[in-house]
Amino acid sequence: MLFIILGITILYVSLIGSFVFGFDKVTPFQMTDVEPKRKFSVVVPFRNESKNLPALLNSFENLNYRKEHFELLFINDASNDDSETVITSFFKKHKRASQFNFRILQNVRQSNSPKKDAITLAVDSSKFDWIVTTDADCHVPKFWLDVLDAFIQHRDCDAVVMPVGYNELTTFLKRFQALDILSLQGSTIGAFGIGNPFMCNGANFAYKKALFKKVNGFENNNHVASGDDIFLLEKFLKLKNHKVDYLKNEKVLVLTKPQATIKLLVAQRKRWAAKTGGYGNLFGKLIAITVFMMNGALVCSPLLLFAGFITLKTLLYFWLIKVAIDFLLLFKTSRFIEQEALLLSYLWSSLFYPFFAVYIVVASLFSNYKWKGRSYKR
């Protein structure tokens, strides 16, 4: 048993350590003063988001990019609140925003994934060559599109992955989620740094419309309710002579809200976990399996101690090694997005996380989940 735990630990430390190494290999992009060239279609699917939309709309109004160089496409996924009214009223009342090119489209359900249907509709309806996706509960920064355009000009890429973080971190539960997404962002950046990208976040993702068409959009994976971002990334990475890059610049950081309750958090994470079985990227599968085994071993370690399979010293070393390697990645990521204060909650989060992670994986295997008032099967 000791050798099994040792093997899991070595594999985990090797993988997370590679992300720590790869994080610094991704060079931060320094914004330059260039003439804007790209025109963007910003895509926002929404369902019953009347409370969250004002923050997003205000951030859109504050965008520095030329208004004739982008359009805003809002896709209503059968909302039964006043989300549409919130959007239309905002653009009527705000002088600068009233000059924006925006449209509200009605989603057409064609698959088990309403969000993928919404994005497909938006891409088909878009006027411009670049698609940028975000979520209705997000807040985008002022120079979001400026930096993205400059990066595309500099790197001549076909798809761009960008950072996402949480705000409004007023409780331990919310800080716990913020640390979790920090680890995901750090892994995303680190994987790009070692040349093995496997993850992105649809709340801040940009790609050429022609590239979306070339891979036939979400064909063959739209039976999975979530995964509009990762499945698309996997398809892009399989194409030859097409460049997918990571934009490492804090001025493109999109912020979103963490879940307010444990119940909502569990539902969200079960939705995320449900797509894991559909991963085509072997490295991504290896990461998922290794992380589960490491957390599973930690959850079982007290039982192994009581059964006499390991000693207390072994258990403590086991936990400390994981805490240390995770902290290195979180430290680098939190410094990049300027949220170092979150590290004050790291120790308690590190004790709770293995039990939470194992529960989510097991629950996602044996139960369905509900999201935004809809029930989904695995």
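None of the figures in this text is laboratory data; all of them are computed from the coordinates on show. A quick note: this is a predicted structure, and the numbers were derived from the prediction, not measured. Every residue, glycine among them, receives a Cβ derived from its backbone with ideal geometry; neighbour counts consider all protein chains shown.
Data for the structure
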quantity: From phi via Karplus (6.51, -1.76, 1.60), per-residue ³J(HN,Hα) for segment 38-54 in Hz, x at Gly/Pro; calculated: 6, 10, 10, 9, 8, 10, 10, x, 8, 8, 6, 10, 4, 6, 8, 4, x
quantity: Filtered trypsin sites (Lys or Arg not before Pro), segment 223-265: DSSP coil and at most 15 other beta carbons within 10 Å; calculated: LYS240, LYS243
quantity: Built amide H within the under 5 Å cut-off of PHE40, gap 5+; calculated: PHE70, GLU71
quantity: Trypsin sites (Lys or Arg not before Pro) restricted to DSSP loop in segment 74-135 with at most 16 other C-beta within 10 Å; calculated: LYS95, ARG96, ARG109, LYS127
quantity: Net lengthening on full extension, LEU264/LYS37 (0.36 nm per residue, minus Cα-Cα); calculated: 77.6 nm
quantity: Whether segment 252-291 is rounded, prolate or oblate, judged on the alpha carbon gyration tensor where a/c under 1.5 counts as rounded; calculated: oblate
quantity: Rh (Kirkwood; distinct C-alpha pairs) - segment 1-158, Å; calculated: 18.1 Å
quantity: log₁₀ of I(q)/I(0) at q = 0.15, 0.17, 0.22 Å⁻¹ - segment 89-225, Debye sum with one point per alpha carbon; calculated: -0.99, -1.24, -1.51
quantity: Cα gyration tensor shape of segment 242-354, rounded if a/c is under 1.5, else prolate or oblate by comparing a/b with b/c; calculated: prolate
quantity: ASP156/LEU2 FRET efficiency (R0 56 Å; Cβ-Cβ; nearest 0.05); calculated: 0.65
quantity: Prolate/oblate/rounded call for segment 169-312, Cα gyration tensor, a/c under 1.5 rounded; calculated: prolate
quantity: Trypsin sites (Lys or Arg not before Pro) lying in DSSP loop within segment 11-55, provided at most 10 other Cβ fall within 10 Å; calculated: LYS37
quantity: Two-decimal Rg to Rh for segment 69-163 - Kirkwood Rh, Cα set; calculated: 0.97
quantity: Longest DSSP-loop-exposure-free segment, GluC sites (Glu not before Pro), the chain, at most 14 other Cβ within 10 Å; calculated: 1-167
quantity: Pairs beyond 22 Å (Cα-Cα), from LYS39/LYS209; LYS209/LYS235; LYS214/LYS243; LYS116/LYS248; LYS115/LYS248; calculated: LYS116/LYS248; LYS115/LYS248
quantity: Nearest 10 degrees, 0 to 90: helix 312-336 Cα axis against the chain principal axis; calculated: 20 degrees
quantity: Using alpha-carbon coordinates, inclination of helix 282-306 to the longest axis of the chain, degrees; calculated: 40 degrees
quantity: Among beta bridges that DSSP assigns inside the chain, antiparallel share in %, nearest 5; calculated: 35 percent
quantity: Rel. contact order, % - alpha carbon contacts under 8 angstrom, at least six apart, segment 184-279; calculated: 31 percent
quantity: Diffusion coefficient, µm² s⁻¹, Stokes-Einstein with Kirkwood Rh over alpha-carbon pairs of the chain at 25 °C and 0.890 mPa s; calculated: 113 µm²/s
quantity: Sequence-distant residues sharing a close amide H with GLY165 (under 5 Å, placed H); calculated: VAL254, LEU255, THR256
